[in-house]
Amino acid sequence: MWKAGAGPGLSSIARVMGNTAVINSTNVASIAVFIRFSTPIVAPTPSKPPTTVAQDIPELKDLQNLEISDWFGLGLQLGLSEDDLKVIRDDFHQKTKVQRREMFSRWLRTSATPSYEKLIEALKEEGDIAVADELEKKFKDK
């Protein structure tokens with residue numbers, strides 16, 4: 001219940017849920033904002049549609065153990081720059097597994113739309129047909 005004050009410049013008293021608050025012209029806007037946004041808004045949880053090879057975004061933990069023949073060439077096929085790949089090669093000299101993980105990590109961070117479909121296509125271009133076939137089979141079994 002709102003109780004109006006006697007005139008301009010005087011306080012108004014509001015009783016909200018058993019609590020009394022003094023409201024004047026400087027804090028009316030603050031209270032209005034508080035009341036408006038203090039009620040939580042709960043959005044419905046969208047159901048996740050079934051994924052396809054083209055939609056499913058690879059996760060680094062799934063990619064880092066792929067046995068590929070040439071991580072550098074695959075990185076080029078995935079659209080990474082030669083300079084970025086050289087930095088990875090030089091920073092992790094003689095650590096092929098780490099180089100491969102870093103290449104995939106860079107691809108996942110920088111690609112607008114990383115997908116298994118793009119990865120499978122790049123693997124085939126690089127000649128890693130068995131790995132590409134293994135990934136395709138994984139999606140058929142889903």
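Miscellaneous remarks
- Checklist (1) within 25 Å of the chain's Cα centre (by Cα); (2) within 19 Å of LEU60 (Cβ to Cβ); (3) free of Cβ contacts under 8 Å to residues at least 12 places away in the same chain applied to SER81, failing item: (2)
- Pairs meeting the criteria (first residue in the range 105-131 and surrounded by fewer than 14 Cβ atoms within 10 Å (Cβ to Cβ), second residue among the β-branched types (Val, Ile, Thr), beta carbons under 9 Å, at least 6 apart or on different chains) are THR113/ILE57.
- In the range 90-104, the residue that is farthest from the chain's Cα centre (by Cα) out of those that are among the charged types (D, E, K, R) and open to solvent by less than 60 Å² (accessible area, probe 1.4 Å) is ARG100.
- Cross-chain or 6+ apart pairs with Cβ under 6 Å, the range 84-99 first and without any contact (Cβ under 8 Å) to a residue 40 or more places away in the chain and under 12 Å from TRP71 (Cβ atoms), then assigned to a helix (DSSP H, G or I) and not aliphatic (A, V, I, L, M): LEU85/PHE72; LEU85/GLY75; ILE88/GLN99; ILE88/GLU102; PHE92/GLN99; GLN99/TRP71
The values are calculated or read from the model by the stated rules, or taken from the named source; none is laboratory data. The shown structure was predicted, so the numbers you read here are calculated from the model rather than taken from an experiment. Ideal geometry is used to build each Cβ from the backbone, glycine not excepted, and the neighbour counts take in all protein chains shown. Keep in mind that these areas ignore ligands, DNA and RNA; they rest on the heavy atoms of the full protein, side chains included. Shrake-Rupley method; radii C 1.70, N 1.55, O 1.52, S 1.80 Å.
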